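Written below as structure tokens is the structure these notes are about.
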Amino acid sequence: MAKAALTIWTALTAASVRILILLFCSRSFATDNACNMSLPTQPRQLVVVVSDDWRSQRARMHLFRLSKSWQSIAGPIDVAIGRSGLAWGRGVHRLARSAPAQSDSKREGDGKSPAGIFTLGRVFGDPRYAWDVRLDLPVSSDLVCIDEPRHPEYNQTLRKAPLVLDTQGVSYERMYRYTTSSRTGRAQYDLGVEVAHNSPPTLPGHGSCIFLHLWGKPHAATAGCTSMSRHDLETVIAFIRRDPRRTLIAQVPKLEYRKMMSCFGFPSPPLDPSKL
């Protein structure tokens, strides 16, 4: 009787161990592949910016439009991103509280471009340079973007006398002739698009003045924006104009974009999926 009981106990113990192993493996698989973010709405147009990893200073951009299925409109487009890579920004995406922290959050002055999913704002530019582009916000000598976290108008692009801000000791970016290229004579903010990072509501110190804009030097890393050639930026602007209210930009490392493809049905860039 004792021997039979021992045999039954051994069998039950082995079965229990196998069940626990299966449960552990299933749980691990579900955690690795579960959606760790959510979106309030499905876009009709998508600007995809994918980097190799969190530290990359370069990325590839693709443009997609949703009809019956996602259609590739343009890409790949070479773009430059932050000199320190990417960090999670504040956009329309919502990260789950249980999501693993693979990157720090975007902070003012960290040299990182915001990662995540964002709406796009106004098209701005110098009318003398962008004469063939419809501008929402013409750039002039009084156009600034406030990057002073303590200022009540932090992360806003608006018209303000630079002399007054200088007198007050307020930190800001002067949009007019910003970092003019000695080679081309053009400024990086001669043409651009607002990226709605950290707005609204705006949290002080979580990053400001994020744009798609011209690069001064091809492939040169930025302070946190996404830059590209004039031809490519004009292509992006024309694309956005088709349906601006339902256009989103997704900017993440390739492993994070894989998750977005699974979670939201986002399109795969027309390249070897194994490279994503």
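Just so you know, all these numbers are worked out from the coordinates, no wet-lab data involved. All values reported here derive from a predicted model rather than from experimental measurement. Cβ atoms come from the backbone with ideal geometry, glycine included; neighbour counts cover every protein chain shown.
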Applying 1/(1 + (r/R0)^6) with R0 = 35 Å to the Cβ-Cβ distance of ARG241 and GLN168, what FRET efficiency is obtained, to the nearest 0.05? 0.45
Give the average over all directions of the projected area of the C-alpha convex hull of region 45-275, one decimal, in nm². 12.7
Summing +1 per Lys or Arg and -1 per Asp or Glu among the other residues with Cβ less than 12 Å from ARG177's Cβ gives 0
Share of antiparallel DSSP beta bridges in region 45-275, in percent to the nearest 5? 65
